[in-house]
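Asks: This structure is in structure tokens; I'll ask about it shortly.
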Amino acid sequence: MQFLPAPADLLSAIATLLGEKVLPAVPPELAHQVRVAAHLAALLEREARLGPNVAVRERTLLAALIGVDADDAGAVLADRLRAEDDPDFERRAWDVLVAVTREDLSISKPGHAAYEGT
């Protein structure tokens, strides 16, 4: 049986190759493009590895908040928040939105999810 690496593993290898081997070897005028390519490969690796669970968690949190599992949960939430008629719901929505944002940041900007303000 042939070993087939997972897409996340391939992307990680590409990001490492670009950042550790190619970047030091390219002329300065190409360094920025190689750095961007390495960053994008790393971002795609995190999306492949973490994205499915993050999406399920977001859907679960939004469904629990709005009371239904809807394909357009974001729109339902936005409508409820625009109504501004339930301070308790708004507080719970804030907590859910912070949790969802933290998980999104774990993919797009690891290490940037430490904000504790309100």
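Asks: With runs of 4+ DSSP H residues as the only contributors, calculate the mean residue ellipticity of the chain at 222 nm using -39,500 (n - 2.57) per run, divided by the residue total and rounded to the nearest 500. Before the final figure, lay out the partial values.
Replies: Values: 4 runs with 82 residues, N = 118.
Result for the chain, helices only: -24000 deg cm²/dmol.
Asks: Go through the range 26-32 residue by residue and turn each phi into a ³J(HN,Hα) via Karplus (6.51, -1.76, 1.60, θ = phi - 60°); whole Hz please, and just put x for glycine and proline.
Replies: Ordered by residue, 3J(HN,Hα) equals 8, x, x, 5, 9, 4, 4 Hz.
Asks: Right, here's the next one. Working out 0.36 nm times the residue gap between ALA83 and GLU47, then minus their Cα-Cα distance, what length gain in nm do you get to one decimal?
Replies: Working: separation 36, 0.36 × 36 = 12.96 nm, distance 3.37 nm.
So the extension gain works out to 9.6 nm.
Asks: What ranking, highest mean first, results for peptides 25-32, 62-69 when packing means the other Cβ atoms within 10 Å averaged over each residue?
Replies: Taking the mean over residues of other Cβ atoms within 10 Å, the ranking is 62-69, 25-32.
Asks: Treat the count of other C-beta atoms within 10 Å as a stand-in for reagent exposure and order LEU44, LEU81 from fewest to most. Spell out each step's value before the answer.
Replies: Values: LEU44 19, LEU81 15.
With the sparsest Cβ surroundings first, the list reads LEU81, LEU44.
Asks: How do THR101, THR60 line up, fewest other C-beta atoms within 10 Å first? List each step's numbers first, then the result.
Replies: Details: THR101 14, THR60 11.
Taking fewest neighbouring Cβ atoms as first place, the list is THR60, THR101.
Asks: Also, I was wondering about something else. How far apart, in nm, are two points set 7 Å out from the Cα along the Cα-to-Cβ line at LEU40 and at LEU10?
Replies: Each label point lies 7 Å from its Cα, and together they span 1.6 nm.
Asks: Using a basic spin-label model with each label point 7 Å from the Cα along Cα→Cβ, how many nm lie between GLU20 and GLN33?
Replies: Here the answer is 2.5 nm between the modelled labels.
Asks: Order of GLU20, GLU47 from fewest to most other C-beta atoms within 10 Å? Write out the running numbers ahead of the final one.
Replies: Working: GLU20 10, GLU47 16.
The order, fewest Cβ neighbours first, is GLU20, GLU47.
Asks: Relative contact order of the chain: what whole-number percent is it, with Cα pairs under 8 angstrom and at least 6 residues apart? Display every interim value, and only then the final one.
Replies: Details: 78 pairs, mean separation 25.6, N = 118.
Worked out over the chain, it gives 22 percent.
Since every read-out is calculated from the coordinates, none of them should be taken as a lab result. None of these values were measured; they are calculated from a predicted model. Using ideal geometry, Cβ is built from the backbone for each residue, glycine included, and neighbour counts are taken over all protein chains shown.
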